[in-house]
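So the structure is just underneath, and the comments pick up after that.
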Amino acid sequence: MKVKFWGVRGSIPCPGPTTQKYGGNGACIELRVGKKQRIVIIDAGSGIRELGNSLMQNDLPNGPISADIFLSHTHWDHIMGFPYFVPIYVPGSKLNVYGPVTFEEDPLEEVVGGQMKYRYFPVNFGELSSNIDYIRLSENPGMDLGDGLKVVTKFLNHPITALGFRFEYEGKVFCTCYDTEPFRNLFITDPEHPDYDEAMAVEGEEVANEQNQLLEQFFQGADLLVYDAQYMEEEYYANRVGWGHTPIEYAIAAANRGGVKKLALFHHDPDRTDEQIDEMAKSYCEPGRFGETEVFFAREGSEVHL
């Protein structure tokens with residue numbers, strides 16, 4: 001398996017002179033699998049535009065483009081690049097779009113395609129020339145995608161339904177785990193509070209610990225884990241708890257507990273400059289400082305071969 005990062009930023013694209021090194025595009029990852037170079041795409045942030053251009057130049061000459069697109073969730077920064085993904089306009093393209101939907105009455109097709117209406121975009125969703133199938137996902141212990149490729153899905157902790165993906169092929173494991181933050185006790189834990197309920201507080205703590213353990217089991221032993229790491233711990237606890245993103249320190253510790261071989265810190269804050277990330281890398285990515293897991297900040301255009 002080969003993994004390439006086409007977009008590594010969170011929340012909103014942020015191109016400019018201070019983000020050129022790590023990239024300013026929103027989340028998009030390309031996975032190539034096996035000798036046939038099967039194409040799997042994780043998320044359709046703004047980075048998918050350049051990926052689409054690459055497919056048109058390098059893959060279309062060899063025949064119609066076929067790809068599986070897995071959406072971690074449907075927040076706009078993870079689907080906004082879809083209308084600019086050129087293969088959807090090319091006759092013969094075959095795309096399977098997988099993803100969760102929070103609101104039961106809205107099918108995945110409407111959520112993703114809803115941004116392609118004349119009030120928002122010059123091309124209507126119904127005018128696309130490609131063949132697109134939409135498959136709604138929930139938590140699943142294992143889906144056989146054919147050609148020896150399997151995927152496991154896991155619910156994450158985000159303000160809307162979001163999924164992590166575990167791709168397995170010929171003994172290699174590639175996992176994504178974003179947008180998410182550590183599960184926490186949502187009940188009142190202060191015994192002095194007038195609404196404190198001891199039983200609820202204890203149960204809340206047990207549930208949070210259980211879910212965090214299940215997530216670590218999900219990416220246990222991964223050859224490469226792409227983990228949400230939008231904030232530093234001091235930023236997270238200052239005023240970002242509940243926003244659905246993970247402190248870098250927690251991501252590294254969890255990856256080490258899970259025996260992960262390589263950890264890509266991902267979903268960089270849009271205000272984080274290249275210079276700041278370089279400084280952070282001196283500490284967080286120092287070999288052996290935080291454990292045996294190899295840690296690096298995901299960088300647009302970089303590749304990892306598994």
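Antiparallel as a % of all DSSP beta bridges within region 1-78, to the nearest 5?
On the way: 10 of 15 bridges.
Expressed as a percentage, antiparallel bridges in region 1-78 total about 65.
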| query | Between the helical axis of 48-58 and the dominant principal axis of the chain, each derived from Cα atoms, what acute angle in degrees is found, rounded to the nearest 10? | reply | 40 degrees
| note | Under 5 Å from the placed amide H of Ser46, counting only residues 5+ away or on other chains, we find Gly26, Ala27, Gly81
| said: Rg and Dmax in Å for region 88-151, alpha carbons only: what are they? | reply: 14.1, 43
| remark: With the label point 7 Å along the Cα-to-beta-carbon line of Asp271 and a cut-off under 20 Å to each amide N, the hits in region 68-96 are 77
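Which shape class applies to region 1-107: rounded if a/c is under 1.5, otherwise prolate when a/b exceeds b/c and oblate if not, where a ≥ b ≥ c are the square roots of the Cα gyration tensor eigenvalues?
Numbers: a/c = 1.70, a/b = 1.12, b/c = 1.51.
Oblate, since a/c reaches 1.5 and b/c is not below a/b.
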| query | Using modelled amide H (1.01 Å from N, peptide plane; none on Pro or chain starts), what sits under 5 Å from the amide H of Val295, excluding residues fewer than 5 places away? | reply | Leu263
| said: Given bins 10 angstrom wide, list per bin the percent of all Cα-Cα distances in region 115-172, short to long. | reply: 18, 31, 28, 21, 2
| task | State, as an integer percentage, the relative contact order of the chain based on alpha-carbon contacts under 8 Å between residues 6 or more apart. | result | 18 percent
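Listing Tyr118, Tyr169 from the residue with the fewest other Cβ atoms within 10 Å to the one with the most, what is the order?
In increasing order of surrounding Cβ atoms, one gets Tyr118, Tyr169.
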| note | Here the net charge surrounding Glu203, from other residues whose Cβ is less than 14 Å away from its Cβ (Lys, Arg +1; Asp, Glu -1), is -4
| request: Note down the relative contact order for region 151-203 as a percent, whole number, built from C-alpha pairs under 8 angstrom at least six residues apart. | output: 25 percent
| task | Considering only Asp269, Asp147, Asp133, give the residue with the highest GNM mean-square fluctuation for the chain, with springs between Cα atoms whenever their separation is below 10 Å. | result | Asp147
| task | Report relative contact order for region 22-165 in percent, whole number only (criteria: Cα-Cα under 8 Å, sequence separation at least 6). | result | 20 percent
| field | Amide H partners (placed H, <5 Å) of Trp6, local residues excluded | value | Cys28, Ile29, Glu30, Gly301
| said: Explain nothing, just compute: Karplus ³J(HN,Hα) = 6.51 cos²θ - 1.76 cosθ + 1.60, θ = phi - 60°, for every residue of region 160-177 in order, whole Hz, x for Gly and Pro. | reply: 10, 4, 9, 10, x, 10, 10, 9, 10, 8, 6, x, 9, 10, 10, 10, 10, 8
| said: Could you give each residue of region 61-77 its phi-based ³J(HN,Hα) in whole Hz, using Karplus coefficients 6.51, -1.76, 1.60 with θ = phi - 60°, and x for Gly or Pro? | reply: x, 8, x, x, 7, 10, 8, 10, 10, 9, 9, 5, 5, 10, 4, 4, 5
| task | Name the shape class, rounded, prolate or oblate, that the alpha-carbon gyration tensor gives for region 179-251, where a ≥ b ≥ c are the square roots of its eigenvalues, rounded holds for a/c under 1.5, and otherwise prolate holds if a/b is larger than b/c and oblate otherwise. | result | oblate
| When the helices in the chain are scored as -39500 (n - 2.57) per DSSP H run of 4 or longer and the sum is shared across all residues, what 222 nm value do you end up with, to the nearest 500 deg cm²/dmol? | -6500 deg cm²/dmol
| note | Per principal axis, largest first, the Cα atoms of region 2-305 extend in Å by 65, 46, 41
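Roughly what % of DSSP beta bridges within the chain run antiparallel, to the nearest 5? All intermediate terms of the calculation are to be shown ahead of the outcome.
Numbers: 28 of 59 bridges.
That works out to approximately 45 percent antiparallel.
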| message | Apply the Karplus curve 6.51 cos²θ - 1.76 cosθ + 1.60, θ = phi - 60°, to the phi angles in region 122-131 and return the couplings in whole Hz, x for Gly and Pro. | response | x, 10, 7, 4, x, 8, 5, 8, 7, 9
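None of the figures in this text is laboratory data; all of them are computed from the coordinates on show. Because the structure is a prediction, the values reported are computed rather than measured. Note: ideal-geometry Cβ built from the backbone for every residue, glycine included; neighbour counts use all protein chains shown.
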